[in-house]
Amino acid sequence: DERSALSLTDGDVDLLRELAQLFLAEYPVLMTSLRKAVSQGDATGVQTSAHSIKGSLGHFGARRLAERALDIEMGGRSGDLSGFKEKLAQFEASMAPFVEELLEFSRR
């Protein structure tokens, strides 16, 4: 929600664009770390990567996505990674439209 995201930057479009570009640069790295942690059963790595993604999503007012990242983070915290490959695939699918929207916004 662009309006919500702009409210978080006090209406500063340039700042929001800069945050979008930073997120777009970091997101692939964080997702690679998250995928690796899930495939290796590294609960701490899952928790850390998901926490970072969740925090970044907060800059854009992406509450539902942040809640999904929190769910993944909490799974890492609990150490129970059963079903996480599927959960991760669902998360990535839900992130795709958001990432595309940020790409479009950052190009304007």
- prompt: Has the stretch 31-49 got at least one residue that is closer than 18 Å to Ser4 by Cα and in contact (Cβ under 8 Å) with a residue 24 or more places away in the chain?
  reply: no
- prompt: From the residues in the stretch 36-74 that are of a type in the set (Lys, Arg) and surrounded by 17 or more Cβ atoms within 10 Å (Cβ to Cβ), which one is farthest from Thr9 (Cα to Cα)?
  reply: Arg68
- prompt: What about Phe105, is it aromatic (Phe, Trp, Tyr) and under 11 Å from the mean Cα position of the chain (by Cα)?
  reply: no
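No value in this document is a laboratory result; all are computed from the given coordinates. All values reported here derive from a predicted model rather than from experimental measurement. Using ideal geometry, Cβ is built from the backbone for each residue, glycine included, and neighbour counts are taken over all protein chains shown.
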